[in-house]
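Throughout, read-outs are computed from the coordinates displayed, never taken from laboratory work. What you see is a predicted model, and the numbers here were worked out from it, not measured in a lab. With ideal geometry, Cβ positions are generated from the backbone for all residues, glycine too; neighbour counts draw on all protein chains shown.
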Amino acid sequence: MLTLQNIAYRVDGRLLFEGVTTQIGARQRLGLVGRNGCGKTTLLRLIAGRLESDEGAILRTRGLSMGLVDQEVPGGPETPRAAVLAAHRERAALIAEAEGAEGARRAEIEARLTEIAAHAAPARAARLLAGLGIDEAMQQAPLADLSGGWRMRVALAAALFVEPDLLLLDEPTNHLDLEAAAWLEAHLKRYPRALVVVSHDRTLLDAVPDGILHMAGRGLTHYSGNYTRFAKTHTEALATASAQQSRIDAQRRHLQGFVDRFRYKASKARQAQSRLKAMAKLADVPIVADERTPDLRFPEPAALAPPLMSLAGVAVGYEPDRPVLRGVSLRIDPDERVALLGANGNGKSTFAKLLADMLRPERGTVTRAPRLAVGYFAQHQIDTLEPEGTAFSHLARLMPDAAPDRVRARLGAFGFSGEKADVAVSALSGGEKARLNLALISSRAPQLLVLDEPTNHLDIQSRHALVEALEAYDGAVVLITHDMHLVQLVADRLWLVQDGTVRAYDGDLADYRAEILGGEGSRRADSDGRESRPPPARKAARQAAAAVRARQKPLKDAVAAAEQRIAHAQDAQRSLQAALASAAADNDAARIAALGKELADARRAEAAAEGDWLAATEALERAGPG
């Protein structure tokens, strides 16, 4: 379907990669991984034809359609649903042409519209947008009213709607919450065509790809299987290559020792020359190793007695008498590890700001331990860094009483050793800015870290370093992230932000994932065969799930009935299209007119069924997770 032959590309004269050769087949799903800055996004743009390579060739099957998600959907009066529908250019063009077409051409247009399921498109667009967290109200609002993150979701929905032969996705989960990321993962697993996804989301890379393309050392290597299999194979290959290189080095040292001893001894001169030739033949083993990931170390906080913080009947918001959250009664103890669940817009960031003392409660009480320091990480903080400042100048400002050596030592714990501490922020990568922000928010050695999407700019290796740093950290952590793998590794408690409050979630991440995907899920047993949740909790969960299913059953039945009516209407249209084409070939005007009326009736039936489907779906969403 698509072949890359010895591709090379340079940026400002610097060779980014060379000799890149691979093939992408129909229905193949590939993950493209590598360190930040190695050229993954550039390679996607080359594949999509938006850039031209300096060397090599890209061979594409004739008629191959490709979709690369734009970085942002422009604003304007157009609605998200209209933007998604407009992305299918053939459908839009055929609908426009159909208004003035007659006879055989009209029949051809109608046949093609039926073939691409054009009349069911509004319902499908609505489903895609809803899966990405854009509810009915937002689908009908102007794009100009949406933030950049929500527009990115619209762009993603548009690409999924078109279903190109080759779908190219660049960090598709970065602007999603955990709920939408789980939905996207499930959708991509069912994607009927080929795709290449650049991602640092370990969960996505394990679930979706059947192969991994690894960019390192200016080259590209293909591995079969998902990311976990790639990581194991790649690590083993590096270990084997390293061992082989060690053997070669040892042999070279032995030969060099012989030459050094006997080079100038006449009786051994011939042997020495032979050893020199043997050394020349000992080629080094090419070891492709990624750039070393800096270790991260949070400063050790002073011990405080529990609880660090307790909340009783708290209401908080941004406008008087209009709280975003209410009735919040929770406590945070030292060494707590909590992940916040809940869709974007439910109030997770509001709750994080409350914990960080950036919002004061309207009602209730928040009791903080004396001398409690909170480190709060939010994505917008990266954008507020002074471009002309350095890592040293930023941290020194927050540690005015510390000696320069102490400031530099603290920066070294976040990967800014030596001259790196004096590099201007404007020259730092996104990942480096994120690490600097972690250093800044922990400058007071806080007992509580509140981390709101800390990994958006971190590659997989840096995310692993963050996990290790949090494991070694002696304070408490409250985490907001779309990265399920990070939640699994860090959190031992889950709190759900939903329905205007925050409460402990009675279940684990597998349960929550099953809920948001509409399934019941199954419990995973520990290695010794024991279930990971005690029996009373499982029983309560089963009872709660049964109650939810009973409440939702009539609504699910209504959705299924509407979908069946849609399918029947579409079948009728296909039959009528075939009959219409036959009548057009016979130039039977009377029959064309009669069939046209029946076709219009079938379309009206489909439209009515779609309306019923949308109404039932919205009612099902209001009924809560199930």
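Miscellaneous remarks
- Sorted peptide list for 438-449, 585-596, criterion being average Cβ within 10 angstrom, highest first: 438-449, 585-596
- Estimated purely from DSSP H runs of n ≥ 4, each contributing -39500 (n - 2.57), the mean residue ellipticity at 222 nm for the chain is -15000 deg cm²/dmol once divided by its residues.
- Radius of gyration, Dmax [the chain; alpha carbons; angstrom]: 29.8, 111
- Interatomic Cα distance distribution for region 339-388, bins of 10 angstrom, percent: 19, 43, 30, 8, 0
- Equivalent-ellipsoid semi-axes for region 294-377 (Cα gyration tensor, √(5λ), whole Å, largest first): 24, 16, 11.
- Reference-scaled alpha-carbon Rg (2.2 N^0.38 Å with N residues) for region 15-120: 1.48
- Percentage relative contact order, the chain, counting C-alpha pairs under 8 Å, at least six apart: 14 percent
- Residue pairs exceeding 25 angstrom between C-alpha atoms, taken from LYS353/LYS433; LYS232/LYS348; LYS40/LYS232; LYS348/LYS433: LYS232/LYS348.
- Simple point charges give the picture: +1 on the Cβ of Lys and Arg, -1 on the Cβ of Asp and Glu, and for the chain a dipole about the Cα centre of about 2500 debye.
- Whole-number D in µm²/s for region 87-237 (Stokes-Einstein; Kirkwood sum over Cα pairs; 20 °C, 1.002 mPa s): 120 µm²/s
- Kirkwood hydrodynamic radius computed over region 559-612 comes to 11.5 Å, based on all pairs of distinct alpha carbons.
- Debye intensity ratio in log₁₀ form over the Cα atoms of region 318-441, taken at each q of 0.12, 0.13, 0.18 Å⁻¹: -0.61, -0.69, -1.03
- Of the trypsin sites (Lys or Arg not before Pro) found in region 153-232, those in coil by DSSP whose Cβ has at most 10 other Cβ atoms within 10 Å are ARG190.
- Mean projected area in nm² (Cα convex hull; one quarter of hull surface) for region 424-515: 7.4 nm²
- Using a Förster distance of 30 Å, the FRET efficiency for ARG60-ALA104 (Cβ separation, nearest 0.05): 0.35
- Antiparallel bridges, percent of DSSP beta bridges restricted to the chain (to nearest 5): 50 percent
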